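The values are calculated or read from the model by the stated rules, or taken from the named source; none is laboratory data. On a predicted model such as this, the values are computed, not experimentally measured, just so you know. In this analysis, Cβ positions are derived from the backbone assuming ideal geometry, glycine residues included, and neighbour counts consider all displayed protein chains.
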Amino acid sequence: MKRKEKRTYADRAEYMIKAVAKRRKKLKTLAIEYKGGKCAICNYKKSVRALVMHHKDPKEKEFGLSSRGLTRSWVRVQKELDKCILLCSNCHAEVHEGITQLPKEI
């Protein structure tokens, strides 16, 4: 009688990496929808990968909303999102360079 093989640590690690990546992608999609789905400056919305969160006041930032920040609970992510605006990568870079200003209504 042949024994059933047990999962290895490597198998479990690979599963966890995929599960975390899937959750981060889901939370980023929810975050983008929560913030209006498009860049607050130019209305860009073609690629989710090109949309980023910009903290309006860096002093209030508790954690970044890059992929590492998207491992927290949705409630914590929402609280951090409320301190941010959604920008495309180009507008985000221009805001940090001082070339473009954030909309006054923000």
- Message: Can you pull out every residue in the stretch 28-55 that is surrounded by 13 or more Cβ atoms within 10 Å (Cβ to Cβ) and charged (D, E, K, R)?
- Response: Lys28, Lys35, Lys38, Lys45
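Give the residues of the stretch 41-100 that are of a type in the set (Val, Ile, Thr), part of a loop (DSSP other than H, G, I, E, B) and without any contact (Cβ under 8 Å) to a residue 60 or more places away in the chain, sorted by residue number.
Matches in the stretch 41-100: Ile99, Thr100.
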- May I ask you to list the residues in the stretch 76-106 that are surrounded by fewer than 12 Cβ atoms within 10 Å (Cβ to Cβ) and modelled with pLDDT under 90? Gln101, Pro103, Lys104, Glu105, Ile106
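Restricting attention to the stretch 4-40, which residues are without any contact (Cβ under 8 Å) to a residue 12 or more places away in the chain, part of a loop (DSSP other than H, G, I, E, B) and charged (D, E, K, R)?
Of everything in the stretch 4-40, those that are without any contact (Cβ under 8 Å) to a residue 12 or more places away in the chain, part of a loop (DSSP other than H, G, I, E, B) and charged (D, E, K, R) turn out to be Lys4, Glu5, Lys6, Arg7.
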- Residue selected from the stretch 56-75 under the condition surrounded by 12 or more Cβ atoms within 10 Å (Cβ to Cβ) and among the small types (Gly, Ala, Ser), by the criterion farthest from Lys28 (Cα to Cα): Gly64
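Given the criterion of a type in the set (D, E, K, R), at pLDDT 85 or above and closer than 20 Å to Lys22 by Cα, identify the matching residue among Arg68, Arg49. Steps first, answer last, please.
On the way: Arg68 fails: at pLDDT 85 or above.
Matching residue, one of Arg68, Arg49: Arg49.
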